[in-house]
Amino acid sequence: MSWLSKLFGGGAPRPTTPSVRCDGATARELVAAGAQLLDVRTGVEHRQGHIPGSLNIPVDELNRRLDEVATDRPVVVYCRSGARSARAVQILQGQGLTDLHDLGPITAW
């Protein structure tokens, strides 16, 4: 292994998580077809404005409230900027959920 490979990585590829990002049109289609829409912003942010029909579970409460997240249909996750939705998707993947779609920011809707 060369010194560049040691410095920047090399050898066996690292496992990656499948991409779950989706755009607004795809998210709207999924929700129209029955997907659960999950808003992981704070309760205050949700009350200030949200996508109609969304369930609000702040990302910091997600581990405690996993029983509220659908396991029998797709789940579309969003937040304000995309950081918390990405974190929420990681949490949900860690719990074995697979049909997850990260819309990212609410403005993408």
Subject >> Neighbours by Cβ (under 7 Å, 6+ apart or cross-chain): first from the stretch 85-109, in a helix (DSSP H, G or I) and crowded, with 18+ Cβ neighbours inside 10 Å; second modelled with pLDDT of 95 or more and among the basic types (Lys, Arg) >> reply: Ile106/Arg80
Original post:
Has the stretch 69-85 got at least one residue that is of a type in the set (S, T, N, Q), at pLDDT 95 or above and under 10 Å from the mean Cα position of the chain (by Cα)?
Top reply: yes
Original post:
Within the stretch 19-28, can you find the residues that are part of a helix (DSSP H, G or I) and either in contact (Cβ under 8 Å) with a residue 60 or more places away in the chain or surrounded by 13 or more Cβ atoms within 10 Å (Cβ to Cβ) (or both)?
Top reply: Gly24, Thr26, Ala27, Arg28
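Please find, within the stretch 58-82, the residue that is surrounded by the fewest Cβ atoms within 10 Å (Cβ to Cβ) out of those that are assigned to a strand (DSSP E or B) and in contact with a Pro (Cβ under 8 Å, 6 or more places away or on another chain). Break it down into steps so the answer makes sense when it comes.
Taking the stretch 58-82 and keeping what is assigned to a strand (DSSP E or B), we get 75-79.
Then keep just the ones that are in contact with a Pro (Cβ under 8 Å, 6 or more places away or on another chain); that gives 78-79.
Numbers: Tyr78: 28, Cys79: 24.
In this case the residue turns out to be Cys79.
Would you be able to say whether some residue in the stretch 38-57 is surrounded by 11 or more Cβ atoms within 10 Å (Cβ to Cβ), among the aliphatic types (A, V, I, L, M), part of a helix (DSSP H, G or I) and at pLDDT 95 or above?
So in the stretch 38-57, the residues surrounded by 11 or more Cβ atoms within 10 Å (Cβ to Cβ) come out as 38-43, 45-46, 50-51, 54-57.
So of that shortlist, the ones also among the aliphatic types (A, V, I, L, M) come out as 38, 40, 51, 55, 57.
Keeping just the survivors that are part of a helix (DSSP H, G or I) gives none.
Checked the stretch 38-57: no residue is surrounded by 11 or more Cβ atoms within 10 Å (Cβ to Cβ), among the aliphatic types (A, V, I, L, M), part of a helix (DSSP H, G or I) and at pLDDT 95 or above.
Could you grab me the full set of residues in the stretch 46-89 that are among the charged types (D, E, K, R) and closer than 21 Å to Arg21 by Cβ? Full working, then the answer.
Start the filter on the stretch 46-89 by keeping residues that are among the charged types (D, E, K, R), which leaves 47, 60-61, 64-65, 67-68, 72-73, 80, 84, 87.
Arg73, Arg80, Arg84, Arg87 - these are the residues of the stretch 46-89 that are among the charged types (D, E, K, R) and closer than 21 Å to Arg21 by Cβ.
The values are calculated or read from the model by the stated rules, or taken from the named source; none is laboratory data. Keep in mind that what you see is a predicted model, and the values were worked out from it rather than measured. Glycine gets a Cβ as well: all are built from the backbone with ideal geometry, and neighbour counts include every protein chain shown.
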